[in-house]
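The values are calculated or read from the model by the stated rules, or taken from the named source; none is laboratory data. On a predicted model such as this, the values are computed, not experimentally measured, just so you know. Note: ideal-geometry Cβ built from the backbone for every residue, glycine included; neighbour counts use all protein chains shown. Just so you know, the surface numbers come from the protein's heavy atoms only, side chains and all, with ligands and any DNA or RNA stripped out. Shrake-Rupley method; radii C 1.70, N 1.55, O 1.52, S 1.80 Å.
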Amino acid sequence: QVRLVESGGGSVQPGGSLRLSCAASGDVFSINAMGWYRQTPGKQRELVAIISSGGSPNYAASVKGRFTISRDVAKNTVYLQMSSLKSEDTAVYYCNYRDYRPGYDAWGQGTQVTVSS
C-alpha cells in the first residue's frame, strides 16, 4: 500500500500563487508516476499535471505556462507550483500515485484551493 499526504492548499486572490506538496510513503516503487488532479462540484476529476519518476511532465492545457510540477524522487514527494491563479482554478486538488503493479493507484485526501477576491 502507498499512502499520500497532501499539504499547501488555501485561499488566495486572483493572480496569487500557491504551492502544493504531496509525500508518498509505504510500498513505493522506484519507477512510478505522480501527479495532481482536481475536481469541482458537477465536474469529473480532471488531470492537472503529472510527472514520471524520470522527470517527464505533462500538463492540462488550462494550466500550461502557469503551473509547474516537480518532484524530489529521493523523498517521494511531488510539488505543484501554481502561479497567476484564476477563479476557475478553484477546486479540490488530489495527489495521485501510480506504478506498474496491479492495484497500485493511490489518492491523497484532497486539499481545497480557493481563488477569489
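Summary table below
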{"quantity": "Members of segment 1-35 found to be open to solvent by 30 Å² or more (accessible area, probe 1.4 Å), touching a residue at least 60 places away in the same chain (Cβ under 8 Å), out of contact with any Gly (no Cβ under 9 Å at 6 or more places or on another chain) and of a type in the set (Gly, Ala, Ser), listed by number", "calculated": "SER7, GLY8, SER11, GLY15, SER17"}
{"quantity": "Evaluation of ASN58 against (1) within 15 Å of LEU20 (Cβ to Cβ); (2) without any contact (Cβ under 8 Å) to a residue 60 or more places away in the chain (one fails), failing number", "calculated": "(1)"}
{"quantity": "Residues that are farther than 18 Å from VAL92 by Cα and open to solvent by 70 Å² or more (accessible area, probe 1.4 Å), drawn from segment 36-55", "calculated": "GLY54"}
{"quantity": "Subset of segment 59-117 that is among the aromatic types (Phe, Trp, Tyr) and not in a loop (DSSP other than H, G, I, E, B) - its residue that is surrounded by the fewest Cβ atoms within 10 Å (Cβ to Cβ)", "calculated": "TRP107"}
